1. How many of the residues in segment 8-32 are outside any loop (DSSP other than H, G, I, E, B) and of a type in the set (Asp, Glu)?
2. Specify the residue that is most open to solvent (accessible area, probe 1.4 Å); the eligible residues are those in segment 26-71 that are more than 13 Å from the chain's Cα centre (by Cα) and hydrophobic (A, V, I, L, M, F, W, C).
3. Does any residue of segment 38-57 turn out to be closer than 16 Å to Trp86 by Cα, out of contact with any Lys or Arg (no Cβ under 9 Å at 6 or more places or on another chain) and part of a loop (DSSP other than H, G, I, E, B)?
4. So, in segment 72-88, how many residues would count as being closer than 21 Å to Glu62 by Cβ, loosely packed, with under 14 Cβ neighbours inside 10 Å and touching a helix residue (DSSP H, G or I) at 6+ places or on another chain (Cβ under 9 Å)?
5. Restricting attention to segment 91-114, which residues are within 17 Å of Asn38 (Cα to Cα) and modelled with pLDDT of 90 or more?
6. Across segment 7-16, which residue is farthest from Ile97 (Cα to Cα) among those that are open to solvent by 40 Å² or more (accessible area, probe 1.4 Å) and free of Cβ contacts under 8 Å to residues at least 40 places away in the same chain?
7. Given the conditions (1) at pLDDT 95 or above; (2) more than 28 Å from Ala102 (Cα to Cα); (3) touching a Lys or Arg at 6+ places or on another chain (Cβ under 8 Å), report the number of the one that Ile85 does not fulfil.
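The values are calculated or read from the model by the stated rules, or taken from the named source; none is laboratory data. The model shown is predicted, which means the values in this text are computed figures rather than measured ones. When we count neighbours, we look across all protein chains shown, and the Cβ atoms used for this are built from the backbone with ideal geometry, even at glycine. For accessibility, only protein heavy atoms count, side chains too; no ligands or nucleic acids. Shrake-Rupley method; radii C 1.70, N 1.55, O 1.52, S 1.80 Å.
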Amino acid sequence: KMLCDYGSVADTSARGDSEALDVYIGPTQNSPVAYVINQLKRKDDATLTFDEPKVMLGFDSEEDAREMYLKHYPAGWETEGLGEIWPVSVQRLKELIDMEQAGDEQGEVPDAAE
């Protein structure tokens, strides 16, 4: 069950899974900051690797975004699937998405390690 609005940005291809960029929508319509979560996946018993980005729009803080994200996953996800979280201005996120849609590799929403 989704606890907030959830969807994707049309005509994008997120780094990792090459599917449209996933977005959770929070309650704060005019929040100037988005939070990009690096979702992880298990490569083997000892290794977690980057899976895909999840964008959290409309949250007042990183903690609010993190909390809502974790509510959608099973217990233990905090150590199994939650990677770094980094803030980006909504304006910069729009620019990155526009660049990506135009085919400019520099427009990809990067994972936080880059």
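1. The number of residues fulfilling the criteria is 1.
2. Per the criteria, the residue is Ala46.
3. No: zero hits.
4. Summing the residues that are closer than 21 Å to Glu62 by Cβ, loosely packed, with under 14 Cβ neighbours inside 10 Å and touching a helix residue (DSSP H, G or I) at 6+ places or on another chain (Cβ under 9 Å) in segment 72-88 gives 2.
5. Within segment 91-114, Leu93 is the sole residue that qualifies.
6. Ser8
7. It fails just one condition, (2).
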